Amino acid sequence: MFRLRLLAPGLALLATALLLAGCGGGPAVQDGPSAAMAPGSTVVPQQDWQDAIIYFVMVDRFADGDSTNNQDVDREGPGSFHGGDLAGLIEQLDEIAELGATAIWITPVVQQIPGYVSSVGFFDWGYHGYWADDFHAIDPRFGTEEQLARLVDQAHARGMKVLLDVVYNHCGYDSRYIQEKGRDWLRFGSQCGDDDLTRCLSGLPDFKTRDPEVREYLLDAHLGLAERVGLDGFRLDTVKHVEHDFWDLHRHRTRERLGEDFFLIGEVWGGDARNLDPWFEPDQMDAGLDFSFQGSSIGFVMGRGRPIAFDRYLDRREEVRPGHHVSHYLSSHDTDGAIHTLDGDLDAFRLCVALQMTARGIPCIFYGEEVGRYIGTWPENRTDMPWGEMGIEPGAGEPRDEGLREYYRRLIAIRRAHPAIWRGERQGLDFGKDHLVFHRQDPRGDDQLLVAVNRGDAAVTTTVARPERWGGAAVDLLAGGRFAATGDSLSITIPRRTALILAPAAR
């Protein structure tokens with residue numbers, strides 16, 4: 001992995017235990033670098049996208065399963081291909097299933113431009129998949145269409161869905177589309193404008209998606225691939241840089257060709273519950289990435305602002321149009337990583353993870369974040385998946401924090417076992433200088449939880465009203481501590497820099 005430094009309780013407890021245990025199997029059988037793998041671990045499938053957990057994989061930086069396709073690989077180069085491919089992802093699907101993720105989002109795998117750009121100070125290739133040269137072909141450095149179909153089949157065998165990142169806005173630098181279609185299809189150079197729809201992002205050739213011929217070509221390429229390999233949905237890149245009537249047509253076509261349940265999650269830069277609504281109101285997509293959560297949660301655990309203000313933020317971000325969702329992350333391929341921003345403070349990061357897993361919306365985990373991968377400032381936010389002593393390239397030998405991974409597993413299992421978290425109503429109960437306590441209850445049943453977070457350096461003891469129908473004492477689902485109830489009150493001691501998830505104790 002490169003290290004460039006130049007650039008910037010009762011049944012509820014039982015359900016939780018079952019989710020943590022998973023479903024084991026025997027060793028996976030392999031007869032070649034791209035062979036289908038027998039599931040070694042499966043996930044309780046999501047009921048719907050409300051209770052989903054997305055795991056985001058940058059294919060080139062995850063696992064190399066077929067060294068014969070390692071063209072242009074330089075693992076020391078921050079902008080080079082590192083050799084990760086679909087074959088490697090297939091082989092390591094159990095790593096993701098064991099974590100508890102219910103869906104995988106992978107970066108684009110279409111044919112990339114053959115060369116690189118060097119204006120950023122190093123050789124920068126299309127390893128990330130966003131610089132297309134041919135939307136009707138899979139880049140052999142990632143694998144084949146047959147392997148993409150196998151990935152979908154193998155993910156489904158483990159109870160997971162697959163989302164493919166697709167780009168309608170632009171192609172790669174010096175793409176063949178410039179030579180073959182020119183200015184009839186594309187804006188580049190002097191034709192680039194300065195508004196959202198005509199801007200050439202980072203100087204990339206911009207498709208004229210108002211043109212019916214361009215629309216049909218792009219739709220046929222992406223929807224055709226989804227039909228052939230059985231994808232469950234798309235992650236839509238650069239949504240606000242394409243016309244709304246295109247997204248109307250896109251929704252109609254995906255439902256027509258891929259089914260009513262084909263899931264669309266979009267990237268609207270800076271998106272949150274409020275400013276995603278122009279795409280939710282006309283039902284152009286099902287979900288959008290929530291850019292607000294990373295900074296807000298990091299700021300809170302670092303001591304910025306009052307807990308009651310953060311509680312109000314949590315309320316506001318749940319004001320999403322019914323039937324639509326926001327997906328919140330702590331790190332991404334386009335932003336600095338949370339651990340890096342927190343100067344390596346893992347206690348603070350664990351608080352962020354607890355907040356992420358107890359918030360409404362679809363949590364999105366950036367590959368390797370769960371084992372403490374170094375996710376720095378670009379391009380160091382795109383480092384290799386750490387595989388420790390497992391010998392898996394390109395991240396072989398890179399250290400892994402298995403304790404952090406287990407913390408993720410427990411939180412994911414708790415979230416999946418408790419609809420009070422992912423569809424429940426939230427109410428702030430108690431706030432202090434450094435702590436907050438809120439209640440979540442499933443409107444369709446009796447499931448309810450208390451979440452208590454202490455960002456301070458000293459333990460806090462507080463008393464809250466015991467929730468209705470709670471019964472007696474409470475137990476912490478994360479660490480197992482027990483808290484006594486007296487009359488209608490519940491006394492809670494929250495250790496320093498700790499999160500608790502409390503449920504009624506078994507009688």
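The values are calculated or read from the model by the stated rules, or taken from the named source; none is laboratory data. As the structure is a prediction and not an experimental result, all values here were calculated from the model. In this analysis, Cβ positions are derived from the backbone assuming ideal geometry, glycine residues included, and neighbour counts consider all displayed protein chains.
So, residue 159, is that one touching a strand residue (DSSP E or B) at 6+ places or on another chain (Cβ under 9 Å), farther than 25 Å from residue 216 by Cβ and not in a helix (DSSP H, G or I) or not?
Yes: the conditions hold for residue 159.
For the range 45-96, how many residues meet the condition of being polar (S, T, N, Q), farther than 19 Å from residue 369 by Cα and assigned to a loop (DSSP other than H, G, I, E, B)?
Selection size over the range 45-96: 5.
Looking at (1) exposed (fewer than 13 other Cβ atoms within 10 Å of the Cβ); (2) at positive phi; (3) in contact with a helix residue (DSSP H, G or I) (Cβ under 8 Å, 6 or more places away or on another chain), which one does residue 444 not meet, given that it meets all the others?
Result: residue 444 fails condition (2) only.
Just name the residue that is farthest from residue 346 (Cα to Cα) out of those in the range 266-307 that are in a loop (DSSP other than H, G, I, E, B) and among the aromatic types (Phe, Trp, Tyr).
The residue in question is 269.
Cβ-Cβ under 7 Å, sequence separation 6+ or interchain: first residue in the range 294-309 and under 14 Å from residue 353 (Cα atoms), partner of a type in the set (D, E, K, R) and surrounded by 13 or more Cβ atoms within 10 Å (Cβ to Cβ). Which pairs?
Going by the 7 Å Cβ cut-off, the qualifying pairs are 300/455; 301/455.
Here are some conditions: (1) under 25 Å from residue 221 (Cα atoms); (2) aliphatic (A, V, I, L, M); (3) surrounded by fewer than 24 Cβ atoms within 10 Å (Cβ to Cβ). Residue 164 meets all but one. Which one does it not meet?
(3)
Being in a loop (DSSP other than H, G, I, E, B), farther than 24 Å from residue 86 by Cα and touching a Pro at 6+ places or on another chain (Cβ under 7 Å), is that true of even one residue in the range 187-200?
yes
Output the number of residues of the range 135-159 satisfying the condition of being crowded, with 18+ Cβ neighbours inside 10 Å and on the phi < 0 side of the Ramachandran plot.
14
Residue 409: in a strand (DSSP E or B) and among the basic types (Lys, Arg), yes or no?
Taking the combined requirement at face value, the residue does not satisfy it.
Assuming residue 439 fulfils every condition listed in (1) touching an Asp or Glu at 6+ places or on another chain (Cβ under 6 Å); (2) of a type outside the set (Phe, Trp, Tyr); (3) closer than 26 Å to residue 46 by Cβ apart from one, which condition is it?
Failing condition for residue 439: (1).
Could you tell me whether the range 308-315 includes any residue that is part of a strand (DSSP E or B), at pLDDT 95 or above and crowded, with 19+ Cβ neighbours inside 10 Å?
no
Under 8 Å by Cβ, and 6 or more places apart or on different chains, what pairs join a residue from the range 339-361 that is closer than 22 Å to residue 428 by Cα with one that is of a type in the set (Asp, Glu) and buried (at least 20 other Cβ atoms within 10 Å of the Cβ)?
361/290
Taking interchain pairs and intrachain pairs at least six residues apart, which have beta carbon atoms under 7 angstrom, with the first residue in the range 494-507 and farther than 21 Å from residue 431 by Cβ and the second among the basic types (Lys, Arg)?
That search, which allows pairs on different chains as well, returns 505/482.
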